Every structure is written in structure tokens, then in C-alpha cells.
Amino acid sequence: MASLWEVHETNQMIEKENLDVRTITLGLSLLDCAGSNLAEVEQKIYDKITKTAANLVSVGESIARDYGIPVVNKRISVSPISLVGGSACKDSADFIRLAKTLDKAAKAVGVNFIGGYSALVQKGMTKADEHLIRSIPRALADTDVVCSSVNVASTKSGINMDGVRLMGEVIKETAELTKERDSFGCVKLVVFCNAPDDNPFMAGAFHGVTEAEAVINVGVSGPGVVKTALESVRGGDFELLCETIKKTAFKITRVGQLVAQEASRRLQIPFGIIDLSLAPTPAIGDSVAEILEEIGLEYAGAPGTTAALALLNDQVKKGGVMASSYVGGLSGAFIPVSEDQGMIDAVRANALSLEKLEAMTCVCSVGLDMVAVPGDTTASTISGILADEMAIGMINQKTTAVRLIPVLGKGVGDEAQFGGLLGYAPIMPVNPYSCEKFIGRGGRIPAPIHSFKN
Amino acid sequence: MEQKTDRVIITVLGKDTVGIIAKVCTYLAQKKINVLDISQTIVQDFFQMMMIVDQTNSLVSFEEYVGALEALGEEIGVVIKCQREAIFEQMHRI
């Protein structure tokens, strides 16, 4: 039986340290909705989503009530739409109709985001892929809850530099079309290397083609819990530090496992994975940067940050892996700038630069996330930043992602407001020197030597 | 995962006053919710109690008594929270 101390500890985590289940994400295959008649495809997509996800939100709420733990988001990820719409969509305008269908279906079932307006082009682009990618700016401007992602690189295939160049232009255009809202469209767009098929976190979630018909993936959170646990071992050595993070990650992940199993049982949809990420929010005490500070840095970005983040990421995985039967997704520590008050403070204090963030992405679970840059940053410079990040992922055999927001009409010293969990971000300076000729070359960067493992 | 039992943990937090346990237990008895265990501490006038109850024969649904106990808590001036036991067992037991 539970003891008073255990109950107290769990409830402290929930009430004081922002422990929550960040998302229950229903992964849903739409491959069987494909066809050559666009109107029929739209209808099939709408029907399948609204039928399968009908109870997703109410089940999430009932689990939250039963266990007394917040389940913050209920979301849906679908098969990459470039595949689903491939034969029905003859141009970008046709794909935008599918984006609007996703938006309508997501709103009908009450989820707050739907991901999968995606294309996987790490080796090359089909016509459908290109139509979808070129439709992204308008699709994101004309919908509210649709999220888009494009995988342009992998360790196995190398980097599709044509895709990288195109995505630089797409990001710029997305920013332009949503400029009256601080280029908000870019918040819903992620560029990936080695994108996972089972990621429950937005904006990069999609339901991979190797996945089952429908699965439940759960993302846990809890940077505040780790930070509080570390307060009790101030001054202790690295062994003690690592043990504490590991034990805490175990406890957090167990809650995710329970919620995932319950959601799976109540919805009668198989359990996929737990994503054991430390996902911060702009709330005070819910910050990954504050963990880094607790480890011993004055600000995130100070010398030692990469090492501190590396150990944090690794210990979170070690603790979490044992707590769940299936771990997947991104799993590790997220380092978004706008969604983390400690990161925002670090940028404001000039402690954290884009280059240091890039170094941190070599050891964190994702990449350059929610970074606002000046609105006059050129498309080729954005592509250059993308290429650097893709190279880190490709060579290190890890997922990297970029969610960059060139905020139209704003420059260094200004701040962009995205609202809610997405927070706000100081505009960060970008290296002013050109990479236009590099990006202009076109073609592919070959896969690295260590991809040949057969 | 199926739950082995239908046990719920009721926690009460707040300033100590006369009759907290009595009022909560009276309500539970009326609804045929069986109390299996009670532990409590008082730290600097701050009352903290945990009850483990079995709701197998409860006359009312979980949702209903959660709401009723919350309201009772407000009346007494304490916070009463009900959670299924599994969350604690999952987190603290391997």
C-alpha cells in the first residue's frame, strides 16, 4: 500500500513542480484514405479522424481526473500527407484543401494540434512531395492547428540539399504570410534529420509509414521535478548528481507509462511508445535551463553548458528506459528558446548565442527549437543554418530538427510573442556572412561512411 | 493494465481543526466506501492526512464522491483530493 510520504512526494511533484503528462498523441494511419478523387480523399480523411479520435479528449480528461495529474494536450499525428494525397493532389492548391480538412477534423474532435502535413525527402522529392512543400506557407497561414514537418536528411541517405534550399524559402514565405502575428506560421513547421516515426510532440509529430493502423504515444514532462530533486544534492559530486536525475526520470516516466496504458485500454488502441522528454514551458519552475543552472552554471550558455546538457540528456534516458516497456520518439531534454523562461533569460543576458545553441543540439534530444531570428535573414542563410543542423544529425546518427522563426519586421533587441505554451522569444543575432554560393550548388550531400553497415 | 483493486487514495491538507476525520469518514460511511487505512501527521498546525479506501461497494460513482468531498473540503477549510492508487504504486514501486 502507498505510504503517506510517497503520496505526499507525488502530489508535491504535481502541484508544486509542474509534473504533468504533456501529451497523449493518437498516431493514425491515413494511407487507406488515398485515392485519385480529391473530394473523396477529403471525406475519408475527415471520417477516419473523427471516428477514431472521437473519445480521445474525453478519455484524456477522465484519466487526468482519476489520477489527479494534468494531461495538458490531446493531439493527433497522421501519415505524411504527401503520401496520402499523392495521387489526388495535382498541385499545391489541392494539398491546401487537405490541410483544411485536417484542421476541420482536428477541431471537430477537440484536439489542439494535428501533425503530419509532412513529406519525407531525405533522398529525393517526388512531384507530390514538392507540391506539398510549396503549399506549406499557405497551408499554415490558412489553418489553425495543423503542424507541418519535412525530413530533409538522414544518416542512411545523406542530406538533400535541394530540399534544404527549398525549405529556407518555405520558412521565409511562411513568415511573410503570417507576419501580422509575429510570423507565427513558422512555429508550426519543423525541418528534420532522422525524424522519428513515433514522436508525440508537436510540431514535428507524424505517424510513420512503418507504424500500425493506430497507436497511442505519450509524452511526459517534468523539468521542474528534476530541478527540485537536484536542489537537495547541491555541492554533491557527479555520481550523486547523475543518480538523482536518473531516479527522478524513472518516477516521471512511470507516470507516463501508467497514463499511456490507461489511455490505450480505454480507447482500445494499442500502446506505442513513451517519449521521455523533459519538455519545458514558459512557466516559472518548468525550465530545462533552470536545471542547467542548478547543475552549476550561472546561465544556460556559459562554458560547461554542453557537458551539463549531455549528462542531463543521458541520465534522463537511463532512468526513463527502465520505467517503460517501450521508449521512443525524441526522448531526452528539449532546449526550445521561447518555451523556456531560463533560456529566454539567458538570451537576454547575452549568455546564449545561436552558435552555442547549435553546439548544445549535438547532445540534446532535438535541435534548434523555437529560435526567433531577425526578419531580414535571407532564405539562403536560413538554409545554411538548416544544413549545419542536418549535418550534426547525420554524422552523429541522432535526430536533429530546426524550428526557426524569422520574425518579419523585427530585429535584434525586439521580442516575438507566440502566446500560451509557445511563449515569447528575444530575437537572436545571426552570423551576417553569406553562404549563398554553398546553398546554390544544388544536389545531395552523400551519406556518411558509417552509414554503410550492411 | 487492469487494476488489481478498486482502491482510491484520499488526501486532506489544510489547517488543523476539530472533526476533519469525523466529517470525511461520516460521508464515506454513508456512501458505503470502506476505509482500509488512515495515516496522518500535523506539522506546525498544518494537517495532513491520507486515507486508503476501497470503493468496490460504493453507492455513488467516483466522479460523484470526488465532487462531494471537494465541496466538503471547502466547507471545512481544507483541500480534499481523490486519486486512484495506481499512480502512487507505479511511481514508487518497481
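Read-outs throughout are calculated quantities, based only on the coordinates presented, and are distinct from any laboratory measurement. Please read all numbers here as calculations on a predicted model, not as lab measurements. When we count neighbours, we look across all protein chains shown, and the Cβ atoms used for this are built from the backbone with ideal geometry, even at glycine.
How do A:Ile449, A:Ile114, A:Ile69 line up, fewest other C-beta atoms within 10 Å first? Kindly include the intermediate steps, with their values, before the conclusion.
Numbers: A:Ile449 7, A:Ile114 30, A:Ile69 23.
In increasing order of surrounding Cβ atoms, one gets A:Ile449, A:Ile69, A:Ile114.
Suppose each label sits 7 Å from its Cα in the direction of the beta carbon; what would the A:Arg181-B:Phe62 distance come out to in nanometres?
Roughly 3.6 nm, to one decimal.
Give me the percent relative contact order of region B:7-92, please, defined on Cα pairs under 8 angstrom at least 6 residues apart. Walk me through the numbers before you get to the answer.
Details: 130 pairs, mean separation 36.1, N = 86.
Once normalised by length, the contact order is 42 percent.
Expressed as a fraction of 2.2 N^0.38 Å, the rule-of-thumb size for a compact globular protein of N residues, what is the C-alpha radius of gyration of chain B? The partial results should precede the final answer.
Details: Rg = 13.3 Å, N = 94, 2.2 N^0.38 = 12.4 Å.
With N residues counted in chain B, Rg over 2.2 N^0.38 Å equals 1.08.
Excluding A:Lys247 itself, what net charge comes from residues whose Cβ is under 15 Å from its Cβ, given Lys and Arg +1 and Asp and Glu -1? Before the final figure, lay out each step's value.
On the way: positive: A:Lys227, A:Lys246, A:Lys251, A:Arg254, A:Lys317, A:Lys318, B:Arg93; negative: A:Glu6, A:Glu9, A:Glu17, A:Glu231, A:Glu239, A:Glu243, A:Asp314.
So the surrounding residues net to 0.
Using just the Cα positions, wrap region A:1-70 in a convex hull and report its mean projected area in square nanometres, one decimal place.
On the way: hull surface 26.5 nm².
Spelled out: convex hull of the Cα atoms, projected over all directions, averaged, 6.6 nm².
Taking the Cα centre of the protein assembly as shown as the origin and placing charges on Cβ (Lys, Arg +1; Asp, Glu -1), which of B:Val79, A:Gln397, B:Ser61 is farthest toward the positive end of the dipole?
Result: A:Gln397, furthest along the dipole toward the positive end.
Can you pull the mean other chain C-beta count within 10 Å for peptide A:7-15?
Details: counts 14, 6, 3, 8, 8, 0, 1, 3, 3.
The shielding value for this peptide is 5.
What is the antiparallel percent of DSSP beta bridges lying wholly in chain A, to the nearest 5?
Numbers: 17 of 50 bridges.
Rounded to the nearest five, the antiparallel share is 35 percent.
Rule-of-thumb check for the protein assembly as shown: C-alpha Rg over 2.2 N^0.38 Å?
Values: Rg = 24.4 Å, N = 548, 2.2 N^0.38 = 24.2 Å.
Against the empirical 2.2 N^0.38 Å value, I get 1.01 for the protein assembly as shown.
Mind giving me the FRET efficiency for B:Tyr27 and A:His450? R0 is 45 Å, r the Cβ-Cβ distance, nearest 0.05 is fine.
Numbers: r = 65 Å, r/R0 = 1.45.
It comes out at approximately 0.10.
Go ahead and run the numbers for FRET between A:Lys156 and A:Asp376, Cβ-Cβ distance against an R0 of 41 Å, rounding to 0.05.
Details: r = 36 Å, r/R0 = 0.88.
My answer for the efficiency is 0.70.
Which value, in debye to the nearest 20, gives the size of the charge dipole of region A:19-193 about its Cα centre, when Lys and Arg are +1 and Asp and Glu are -1 at the Cβ? Spell out each step's value before the answer.
Details: 22 positive and 20 negative charges, 39 e Å.
The dipole of region A:19-193 has a size of about 180 debye.
Taking the Cβ of A:Ala53 as the centre, find all other residues whose Cβ is under 10 Å away and add up their charges (Lys, Arg: +1; Asp, Glu: -1).
Details: positive: A:Lys48, A:Lys51, A:Lys74, A:Arg75; negative: none.
With Lys, Arg at +1 and Asp, Glu at -1, the neighbours total +4.
For a quick check: sort A:Tyr67, A:Tyr433, A:Tyr117 by the number of other beta carbons within 10 angstrom, fewest at the front.
Details: A:Tyr67 24, A:Tyr433 7, A:Tyr117 31.
Fewest to most other Cβ atoms nearby, the residues stand as A:Tyr433, A:Tyr67, A:Tyr117.
Could you work out the relative contact order of chain A, using alpha carbon pairs under 8 angstrom and six or more residues apart, expressed as a whole percent?
Numbers: 1106 pairs, mean separation 79.0, N = 454.
Relative CO of chain A lands at 17 percent.
Taking a 31 Å limit on the Cα-Cα distance, which of the listed pairs A:Lys44/A:Lys318; A:Lys51/B:Lys31; A:Lys247/A:Lys398; A:Lys123/A:Lys410 fall beyond it? Could the numbers behind the result be given before it?
Working: A:Lys44/A:Lys318 42 Å; A:Lys51/B:Lys31 37 Å; A:Lys247/A:Lys398 25 Å; A:Lys123/A:Lys410 35 Å.
Distance filter (> 31 Å) returns A:Lys44/A:Lys318; A:Lys51/B:Lys31; A:Lys123/A:Lys410.
Taking the Cα centre of chain B as origin, sum charge times position over the Cβ atoms of Lys and Arg (+1) and Asp and Glu (-1), and report the length of that vector in debye to the nearest 20. Spell out each step's value before the answer.
Working: 9 positive and 13 negative charges, 30 e Å.
The calculation lands at about 140 debye.
Label points 7 Å out from Cα along the Cβ direction at B:Gln44 and A:Lys318: separation in nm?
Between B:Gln44 and A:Lys318, the label points sit 3.6 nm apart.
Going by Cα centres, region A:59-96 and region A:203-257 are how many Å apart?
23 Å
May I ask you to derive the FRET efficiency for A:Val233 and B:Val35 from their Cβ-Cβ distance with R0 = 30 Å, giving the value to the nearest 0.05? Walk me through the numbers on the way to the answer.
On the way: r = 38 Å, r/R0 = 1.26.
The formula returns an efficiency of 0.20 here.
Could you list A:Ser149, A:Ser79, A:Ser277 so that the one with the fewest beta carbons within 10 Å of its beta carbon is first and the one with the most is last? Walk me through the numbers before you get to the answer.
On the way: A:Ser149 27, A:Ser79 23, A:Ser277 30.
Least to most surrounded, the residues fall as A:Ser79, A:Ser149, A:Ser277.
I need to check one value: relative contact order of region A:1-153, counting alpha carbon pairs closer than 8 Å and at least 6 residues apart, in percent. Can you show the working numbers first?
Details: 252 pairs, mean separation 37.9, N = 153.
Relative CO of region A:1-153 lands at 25 percent.
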